[in-house]
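Every read-out reported here was derived from the displayed coordinates using simple, explicitly stated rules and does not represent laboratory data. Since the structure is predicted, the reported quantities are computational estimates derived from the model, not experimental observations. Counting neighbours? That spans all protein chains shown, and the Cβs are built from the backbone with ideal geometry, glycine included.
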Amino acid sequence: MRSKELSMQVKQAILRLRKQKKPIREIAAILGVAKSTVWYILRKKESTGELINAKRPGNPQKTTVVDDRRIISMVKRNPFTTANQVNNTLQELADIVIDSLCRGVFAGDSRQLSLRSCFPFLYEAERHKRSVVLGMVATGDKTPPLDSPLIHRSKKEKWSQWSLRGGMQTLSDTLEAYIKDRGVQIHKDTPVEALHWQADGGWQIKVPGGSMAADHVISAVPAAVLSKVLPLNTEPMTNTLREMSAATVAVVNLEYDGDVLPVSGFGHLIPSFEGDAMLGIVYDSLAFPEHNRRGGSSTRLTVMLGGAWFESSLGDPDAVSKEVLLSLASTAAATQLGVKETPCRTIVTLNKSCIPQYTLGHWKRIDHLFSYIRQHSLPLSLVGASYEGVSVNDCIYNARKSVKRLLGC
Ligand SMILES: Cc1cc2nc3c(=O)[nH]c(=O)nc-3n(C[C@H](O)[C@H](O)[C@H](O)COP(=O)(O)OP(=O)(O)OC[C@H]3O[C@@H](n4cnc5c(N)ncnc54)[C@H](O)[C@@H]3O)c2cc1C
């Protein structure tokens with residue numbers, strides 16, 4: 001059985017082979033164990049320095065409803081399953097789910113990321129229910145306390161994802177048209193070069209070829225950019241902003257003639273033991289059929305590569321060719337989904353430092369930034385993916401909160 005506790009010799013053999021730089025796939029094949037088990041042993045050794053399973057106290061209750069169901073199903077399949085096997089399986093499962101989730105949402109490495117900042121609902125579930133796995137299925141309604149006809153509709157129709165008929169660009173286009181109609185000026189392709197804090201309490205914003213004045217700045221640029229444009233006398237803040245990193249992701253869109261996907265669903269995530277650089281594949285044509293090409297069926301896939309593993313697996317982002325990325329993506333579609341046809345259309349995009357990494361201690365950094373702004377009465381609001389959530393939903397929600405705070409409503 002997959003979760004059987006391995007002998008110490010096999011565990012040591014895993015470490016030995018890894019030292020010889022053998023990939024997880026090969027180690028698993030040599031030793032005849034599951035890839036996830038090899039990955040789990042390596043990770044355990046890395047994080048605890050131990051190879052033996054820790055002895056646990058007899059109480060309090062450690063299992064959850066979900067755990068119990070899983071145990072029952074394991075024992076039904078094999079009535080001779082031991083307690084150690086059960087324990088290993090549950091731990092392995094939680095680790096694989098978290099590993100994949102971090103790769104899917106943050107393109108990040110779960111060993112570096114802060115569960116508390118990346119997935120606050122899971123953090124709360126672990127604290128209150130003692131189980132991350134249970135937290136995933138029993139977090140209850142975490143919808144922010146907002147109300148609108150759209151929220152009602154999304155709840156009624158049980159949306160798990162949303163897009164816009166004309167693609168996500170429609171959102172910025174519509175916002176742009178809306179605020180322009182109300183007299184707002186937009187300066188496109190005008191990077192902010194510096195923010196100067198004036199003696200009279202206002203900002204001077206330096207842009208190419210000039211500057212403009214502002215009473216309040218709402219910064220939606222990535223933390224690393226903000227750290228470079230803030231004035232020198234805000235050094236404690238810029239130091240914190242500089243500690244906040246972001247991962248690079250290559251996105252490869254593949255389109256095939258006809259309906260070539262043998263599976264259904266939104267997509268799949270690839271745990272790190274299956275290959276560091278390959279993060280996951282979204283089945284766009286199934287997830288959002290409204291975006292499909294008109295006049296004849298087609299299959300659209302999005303393959304995500306790199307993230308926290310970009311440099312170690314693919315090298316310098318500036319040196320990786322689009323051909324290599326395309327070839328990796330097409331191969332993944334062929335080997336993981338059986339889609340062996342030649343795509344009729346492809347787009348390869350390299351997004352440098354595009355997903356903020358909420359690494360361990362992120363919440364302390366956020367706390368420091370917001371306290372600094374408050375204590376120094378800086379007319380500055382921080383919004384965008386660098387701080388309190390990387391998804392579009394998070395960005396919209398937090399921007400709205402910020403504006404409400406600013407307007408006092
Ligand atoms: C591959 C990938 C897939 C994703 N998939 C999803 C998904 O399915 N669902 C979801 O909810 N989210 C997804 N996201 C996250 C989503 O893209 C982010 O939530 C969103 O883009 C963050 O918006 P933002 O405005 O904070 O940052 P950005 O979109 O990064 O915008 C920052 C802006 O700042 C500008 N800028 C930089 N420097 C300056 C300067 N000096 N002066 C002025 N402007 C400057 C940049 O040009 C840019 O326009 C994905 C992200 C990636 C990379």
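Computed from backbone phi with θ = phi - 60° and the Karplus coefficients 6.51, -1.76 and 1.60, the 3J(HN,Hα) list for the range 195-202 is 10, 10, 8, 8, 4, 7, x, x Hz; x is used for glycine and proline. The calculated FRET efficiency for Arg405 paired with Ser297, based on their beta-carbon distance and R0 = 45 Å, is about 0.40. Taking Leu51, Leu279, Leu122 in turn, the Gaussian network model of the chain (Cα-Cα springs below 10 Å) assigns the largest fluctuation to Leu51.
Once the Cβ-Cβ distance between Arg16 and Glu235 is put in as r, and R0 is 41 Å, what FRET efficiency do you end up with, to the nearest 0.05?
Numbers: r = 48 Å, r/R0 = 1.17.
Result of the calculation: an efficiency of 0.30.
Amide hydrogen proximity for Ile218: with H placed 1.01 Å from N in the peptide plane, the residues at 5 or more positions away or on another chain lying under 5 Å are Ser381. For the chain, complete DSSP H runs whose alpha carbons reach 15 Å or more along their own long axis and whose mean Kyte-Doolittle score is 0.5 or higher are 322-337. Other residues lying with their Cβ under 13 Å from the Cβ of Lys401 contribute a combined charge of +1, Lys and Arg counting +1, Asp and Glu -1. Neighbours of Asp367, meaning other residues whose beta-carbon lies under 15 angstrom from its beta-carbon, give a summed charge of +2 when Lys and Arg score +1 and Asp and Glu score -1. For the chain, the Cβ-based charge dipole about the Cα centre amounts to some 1460 debye (Lys, Arg positive; Asp, Glu negative; other atoms uncharged).
Shape verdict for the chain, please, from the Cα gyration tensor: rounded (a/c under 1.5), prolate (a/b greater than b/c) or oblate. Prolate, since a/c reaches 1.5 and a/b exceeds b/c.
Which of the residue pairs Lys322/Lys352; Lys22/Lys45; Lys180/Lys206; Lys21/Lys44; Lys188/Lys364 have a Cα-Cα distance greater than 25 Å in the structure shown?
Details: Lys322/Lys352 14 Å; Lys22/Lys45 16 Å; Lys180/Lys206 22 Å; Lys21/Lys44 18 Å; Lys188/Lys364 34 Å.
Exceeds cut-off: Lys188/Lys364.
Normalised by the number of residues in the chain, the mean separation of alpha-carbon contacts (under 8 Å, six or more apart) gives a relative contact order of 17 percent.
Backbone amide hydrogens, once placed in the peptide plane, bring Ser163 within less than 5 Å of nothing, excluding anything fewer than 5 places away on its chain. Residues whose amide H lies under 5 Å from that of Ala247, counting only those 5 or more places away or on a different chain, are Cys354, Ile355, Gln357; hydrogens are built 1.01 Å from N in the peptide plane. With the charge dipole of the range 275-330 set up from +1 on Lys and Arg Cβ and -1 on Asp and Glu Cβ about the Cα centre, the Cα lying farthest toward the positive end among the listed residues Ser297, Val324, Ser285 is that of Ser297. For the range 220-295, the relative contact order is 19 percent, taking Cα pairs closer than 8 Å that sit 6 or more residues apart in sequence and dividing their mean separation by the residue count. Summing charges over neighbours of Ile186, with a neighbour being any other residue whose Cβ is under 10 Å away from its Cβ, gives +1 when K and R count +1 and D and E count -1.
Normalised by the number of residues in the range 271-409, the average gap of Cα pairs under 8 Å and 6 or more apart makes the relative contact order 14 percent.
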